[in-house]
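Below: one structure, written as structure tokens.
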Amino acid sequence: MTLVAAVPTFRDGVPGGETVDVTNDEDVTRLVELLAQPWADTGSIQTDDAVLDVHVHDRWGYLLYSGEGGYLVTDGDPDSPAVPSEVGFPAGSGLPVERITGALREFVRTRRLPSAVQWRDAG
């Protein structure tokens, strides 16, 4: 099964969405570049067992994992701001975009909770 990231968009006052197949490192790079656009909102990648939400804002990347491992956000830099979105990423859960990209690549390869980043309870 090919993984697909769904990304809500809001361009020129018009809501929409894009999907990106995520099967390799290049696809993940394209996804992160899309998410970095000001008109893109939180993306979501769903497997049979888990959902990984990803958001890019300024120089920060954010992840929220929901699956067998629990309901978790990245244990990020204390200086990272909260991100208002449908998902709602708390302050201190952001990491440099490069670290988030590495975790996304791991998730695409393994379809499991990435070990490339630290996690904390999102509840």
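The values are calculated or read from the model by the stated rules, or taken from the named source; none is laboratory data. Everything quoted here is computed from the prediction, not taken from an experiment. Here the Cβ positions follow ideal geometry from the backbone for every residue, glycine too, while neighbour counts run over all protein chains shown.
Taking the stated definitions as given, is ALA91 of a type in the set (A, V, I, L, M) and either more than 15 Å from ARG120 (Cβ to Cβ) or modelled with pLDDT under 95 (or both)? So ALA91 fails the test. HIS57 falls short on exactly one of the conditions (1) within 12 Å of ILE100 (Cβ to Cβ); (2) touching a residue at least 60 places away in the same chain (Cβ under 8 Å), and that condition is (2). The set of residues in the stretch 43-86 being crowded, with 16+ Cβ neighbours inside 10 Å and among the aliphatic types (A, V, I, L, M) consists of ILE45, ALA50, LEU52, VAL54, VAL56, LEU63, LEU64, LEU72, VAL73, VAL83. ALA91: aliphatic (A, V, I, L, M) and more than 14 Å from the chain's Cα centre (by Cα), yes or no? Spelling it out, ALA91 is indeed aliphatic (A, V, I, L, M) and more than 14 Å from the chain's Cα centre (by Cα). Cβ separations smaller than 7 Å between residues 6+ apart or across chains give the following pairs from the stretch 108-123 residues that are under 9 Å from THR74 (Cβ atoms) and among the basic types (Lys, Arg) to residues that are modelled with pLDDT of 95 or more and surrounded by fewer than 19 Cβ atoms within 10 Å (Cβ to Cβ): ARG120/ASP75.
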